[in-house]
């Protein structure tokens, strides 16, 4: 029986590449996004549109569309990046990033908890910018704080889901050539997806709750 994989933010960038890689491996992929894309439509996966993970309506729609689906792998990938610092302070963009980057993944897992099989896997796509120890350049308050919050939530999930043998992976994708960084990254989305899917395939109760770079390096909190 094919593995059921659910991916948020699947219409472009890392989410699209993850969808393609899992589909290539024969998985039954449910691609969640606000709007589909030509590239996503070509993959022949289950596309669920109109999903804004940061809203009550979006979470309710996820539950409705997936109510009959038993999930083997849940990938919380949707995220946004905004830029603010002390001289360009914007509380609205900081709040927006908390809603999408930190609260939404937790809400998605909570909404789909009953859909997860025992021994399922949950993958959180975070960022090393959420590492406090690794912060050497400052700024980016909303993104850094929201990803640090996601890391904290992911660690708690790894403990709370352990009785069901559900492992939680916490992954920094690398500096990836996506719209988010104006394609200025140093690895392609394809390479990133290959690395992340490899890590997810290796995810177990032995390494649940560990913060990894997509290259396999363990990152500091």
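The values are calculated or read from the model by the stated rules, or taken from the named source; none is laboratory data. This structure is a prediction, so every number in the text was calculated from the model and none was measured. Here the Cβ positions follow ideal geometry from the backbone for every residue, glycine too, while neighbour counts run over all protein chains shown.
Can you pull out every residue in the stretch 182-208 that is modelled with pLDDT of 95 or more and part of a loop (DSSP other than H, G, I, E, B)? Matches in the stretch 182-208: 203, 204, 205, 206, 207, 208.
When the stretch 128-146 is filtered for residues that are free of Cβ contacts under 8 Å to residues at least 60 places away in the same chain and in a helix (DSSP H, G or I), the ones remaining, listed by number, are 129, 130, 141, 144, 145, 146.
Kindly indicate the residue of the stretch 164-186 that is touching a strand residue (DSSP E or B) at 6+ places or on another chain (Cβ under 8 Å), in contact (Cβ under 8 Å) with a residue 24 or more places away in the chain and closer than 16 Å to residue 18 by Cβ and also surrounded by the fewest Cβ atoms within 10 Å (Cβ to Cβ) among those meeting that condition. Per the stated criteria, the residue is 174.
Of all residues in the stretch 42-53, one or more are within 17 Å of the chain's Cα centre (by Cα), surrounded by 16 or more Cβ atoms within 10 Å (Cβ to Cβ) and touching a residue at least 40 places away in the same chain (Cβ under 8 Å). The residues listed here are 124, 145; of these, the one that is farther than 23 Å from residue 204 by Cβ and in contact with a helix residue (DSSP H, G or I) (Cβ under 9 Å, 6 or more places away or on another chain) is 145. Scanning the stretch 4-23 for residues that are in contact with a helix residue (DSSP H, G or I) (Cβ under 8 Å, 6 or more places away or on another chain) and not in a helix (DSSP H, G or I) returns 5, 6, 7, 8, 9, 10, 11, 12. Scanning the stretch 128-152 for residues that are within 17 Å of residue 208 (Cα to Cα) and in contact with a strand residue (DSSP E or B) (Cβ under 8 Å, 6 or more places away or on another chain) yields 150, 151. Among residues of the stretch 207-221 that are at negative phi and touching a residue at least 60 places away in the same chain (Cβ under 8 Å), those with a Cβ under 6 angstrom from a residue that is outside any loop (DSSP other than H, G, I, E, B) and surrounded by fewer than 18 Cβ atoms within 10 Å (Cβ to Cβ), sequence gap 6+ or separate chain, pair up as 219/213.
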